[in-house]
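Peer 1: Handing you a structure now.
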Amino acid sequence: MAGRRILRNMHDVDRTLKRMAVPPDGRSPSAARAAPPQYSLRQVLGVWALAALPMAVLAWLVTPALADRLSGPAAWPKALLACLTVGLMWQGVVVLVLLRREIGPLHWGAVKDALWLRPPRSPGTGRIGGRLWWVLVPAILVVGIEQLLPSLPVPAGRDLGVLLRSSEGHDFLSGNWPWFAAIVVMAVFNTILGEELLFRGLLLPRMHGVFGRADWLANGVLFAAYHLHMPWAIPKILLDSLALAYPARRYTSAWLAIIVHSLQSVLIVAASLALVLH
């Protein structure tokens with residue numbers, strides 16, 4: 001009887017150890033259990049279309065129509081800024097709706113796991129945060145180098161950055177606090193609550209089932225192709241997006257991509273503020 005009891009206890013210990021074992025991808029058991037469901041190719045492309053097509057329609061169809069209805073020399077930048085902001089806000093709504101359908105009530109604990117809004121985790125050791133944040137440095141350098149590369153020709157009036165640097169943009173923003181607030185809102189939804197949350201928070205964690213280890217590469221390509229509203233920038237954005245998607249995937253943290261991408265927004269907001277105060 002004692003021997004049988006010992007054997008039974010050994011089997012119980014063995015089953016417990018198997019449950020506690022770290023999966024091959026380096027995640028902890030709790031992380032593995034919290035892994036989000038995987039999308040089919042149709043679902044991946046559907047989410048991409050929900051982001052890309054409204055932005056293209058707003059930029060190429062709605063913006064000119066709205067600019068014709070606005071008065072003053074700044075009609076075009078007002079229309080473009082308003083339309084792009086609406087498109088980015090829509091992406092935040094898409095994320096919330098799809099996430100609500102997936103996890104139910106949007107409690108922060110469930111949301112941060114579902115959207116990878118957590119510190120970077122080493123795939124090898126399971127270490128969280130700390131020195132892993134240094135991975136931001138090479139990602140920032142890649143994005144900085146990308147800014148120095150030559151760009152394709154930009155249609156007149158289509159680049160908000162060029163508009164804001166022009167004399168028309170200076171006159172438009174000088175003392176214009178309401179439209180500066182609009183730029184801040186656009187920047188927040190561009191890199192935190194819109195683009196990055198959708199592509200690196202929602203899509204990337206759910207693409208492994210279709211693309212396997214190349215999920216980060218497919219995510220970067222989709223993010224570049226999403227920019228139908230500014231196609232001249234797609235080649236440069238492809239390099240950009242790969243530098244954002246790879247660390248986010250390797251360390252299962254959307255914050256890495258959000259922080260790097262947000263640096264561009266910080267520069268735009270700072271430059272706009274300088275014009276407002278001028």
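Bear in mind that the values in this text are calculations on the coordinates, not laboratory data. Note that the coordinates shown come from a computational prediction; the quantities given were computed from them, not determined experimentally. Because the Cβ atoms are built from the backbone with ideal geometry, glycine has one as well, and the counts that use them run over all protein chains shown.
Peer 1: Could you give the nm distance between label points at residue 162 and residue 122, where each point is 7 Å from its Cα heading toward the beta carbon?
Peer 2: 4.7 nm
Peer 1: Measure nothing fancy, just the Cα-based angle from helix 254-277's long axis to the longest principal axis of the chain, in degrees from 0 to 90, nearest 10.
Peer 2: 20 degrees
Peer 1: Using the crude model of +1 on Lys and Arg Cβ and -1 on Asp and Glu Cβ, and no other charge, please compute the dipole size for the chain relative to its Cα centre, in debye to 20.
Peer 2: Numbers: 26 positive and 14 negative charges, 339 e Å.
Charge dipole, the chain, about its Cα centre: 1620 debye, nearest 20.
Peer 1: Can you order the peptides 82-95, 56-69 by their average number of other Cβ atoms within 10 Å per residue, highest first?
Peer 2: 82-95, 56-69
Peer 1: In addition: How far is helix 215-225 tilted, in degrees, relative to the longest principal axis of the Cα atoms in the chain, given as a value from 0 to 90 rounded to the nearest 10?
Peer 2: 10 degrees
Peer 1: Rounded if a/c is under 1.5, else prolate if a/b beats b/c, else oblate: with a ≥ b ≥ c from the C-alpha gyration tensor eigenvalues square-rooted, which is the chain?
Peer 2: Numbers: a/c = 2.66, a/b = 2.35, b/c = 1.13.
Cα axes put the chain in the prolate bin.
Peer 1: Here's something else I'd like to know. As an exercise, use a Förster radius of 30 Å and the Cβ-Cβ distance of residue 65 and residue 133 to find the FRET efficiency, rounded to the nearest 0.05.
Peer 2: 0.10
Peer 1: To continue, here is another question. Once the other residues with Cβ under 13 Å from the Cβ of residue 219 are scored (Lys, Arg +1; Asp, Glu -1), what is the net sum?
Peer 2: +1
Peer 1: Rank-order 190-200, 99-109 by packing density, defined as the average count of other C-beta atoms within 10 Å over each peptide's residues, highest first.
Peer 2: Values: 190-200: 24.6, 99-109: 10.9.
Ranking, from highest mean packing down: 190-200, 99-109.
Peer 1: Go through 247, 233, 57 and say which Cα lies farthest out towards the positive end of the charge dipole of the chain; charges sit on Cβ, +1 for Lys and Arg, -1 for Asp and Glu.
Peer 2: It is 247.
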